[in-house]
Amino acid sequence: MSINRGKLILIEGLDRSGKSTQCDCLTAKLGANTVLVKFPDRTTPIGHQINAYLTSASDAKNDSLESMHLLFSANRWELASTIKAHLTAGRDVVLDRYVYSGIAYSYVASRASSTRQPLSLDWLQVPDLGLLKPDVFFFLNVSEEEQVRRAGFGEELYEKREFQRSVADIFHKILPKGDETFHLIDADKSLDEISSVIYETVAAAPQPGDFQYYIK
Ligand code: T5A
Ligand code: NA
């Protein structure tokens, strides 16, 4: 008898929207048979390069944006077979950020400098084609006022107000809003309120069927 495959659950959102907090809560609530995967995974060799990029003080990094975009995607690809193996073995996998962050941040970064070509959505989507699609997808939508109020905002490369405003715009353009797997969450609410909605939605989601992949 074959076991049911696990659910692939994605929590995306703006910076400081509470993604990691909610991923931890959900992973704990779902129990021991659940795996949490955070992107970028800064522990791999590719992740080390990404971490250096995100934490470096210099703004003059636009020349390397194409290669950084490909590295963020490669970071997802290097974990793709591990994620699929967990799901096949019946374990739920919770993703903290994924391809939508990849597209949104590179899109805005390529427009933040007048000295380089902006990157098109078509180009930005290609490296992630073929990756597994989530079965349940949450986007944590936090207001600008609440975002800057939360601890730690402004420490990393992309945590600037103007930049975050543009990231919010592009996220809302690319999110699969009509899709039944997609859930927009008001992330200004309390931690407990949000975690209840997320857990109940996951618990009520149908048993997933065949794996689905991002295709052109
Ligand atoms: N990036 C990422 C790319 O450019 N390309 C890619 O392909 C990918 C995957 C780092 C950067 O990388 C970019 C996007 C980012 O700029 P990261 O490592 O996920 O990505 O960023 P982090 O700094 O870890 O995470 P965030 O800053 O986005 O924060 P979270 O995870 O959204 O928020 P969290 O849970 O850490 O909470 C922040 C604070 O708010 C409080 C928490 O206690 C914490 O202090 N908080 C709440 N307070 C009140 N009410 C609530 N409901 C709260 N929930 C949390
Ligand atoms: Na986080």
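The values are calculated or read from the model by the stated rules, or taken from the named source; none is laboratory data. None of the values given here were measured: they were computed from a predicted structure. All Cβ positions, even for glycine, are placed from backbone atoms using ideal geometry, and neighbour counts span all protein chains on display. All accessible areas refer to the heavy atoms of the entire protein, side chains included, with ligands and DNA or RNA removed. Shrake-Rupley method; radii C 1.70, N 1.55, O 1.52, S 1.80 Å.
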Can you tell me which residue within region 19-40, out of those that are open to solvent by 20 Å² or more (accessible area, probe 1.4 Å) and near ligand 2 (Cβ under 9 Å from one of its atoms), is nearest to residue 208 (Cα to Cα)?
38
Checked region 127-179 for anything within 29 Å of residue 82 (Cα to Cα) and without any contact (Cβ under 8 Å) to a residue 60 or more places away in the chain; matches are 127, 176, 177, 179
In region 73-108, how many residues are away from ligand 2 (no atom under 15 Å from the Cβ) and outside any helix (DSSP H, G or I)?
5
Considering only region 172-216, how many residues are assigned to a helix (DSSP H, G or I) and among the hydroxyl-bearing types (Ser, Thr, Tyr)?
4
Scanning for something crowded, with 19+ Cβ neighbours inside 10 Å, within 30 Å of residue 207 (Cα to Cα) and either in contact (Cβ under 8 Å) with a residue 40 or more places away in the chain or away from ligand 1 (no atom under 12 Å from the Cβ) (or both), does region 71-78 turn up at least one residue?
yes
Is it true that some residue in region 132-151 is under 23 Å from residue 22 (Cα atoms), within 16 Å of ligand 2 (Cβ to nearest atom), among the aliphatic types (A, V, I, L, M) and open to solvent by less than 40 Å² (accessible area, probe 1.4 Å)?
yes
Run down 113, 106, 120 and say which single residue is hydroxyl-bearing (Ser, Thr, Tyr) and at pLDDT below 95.
113
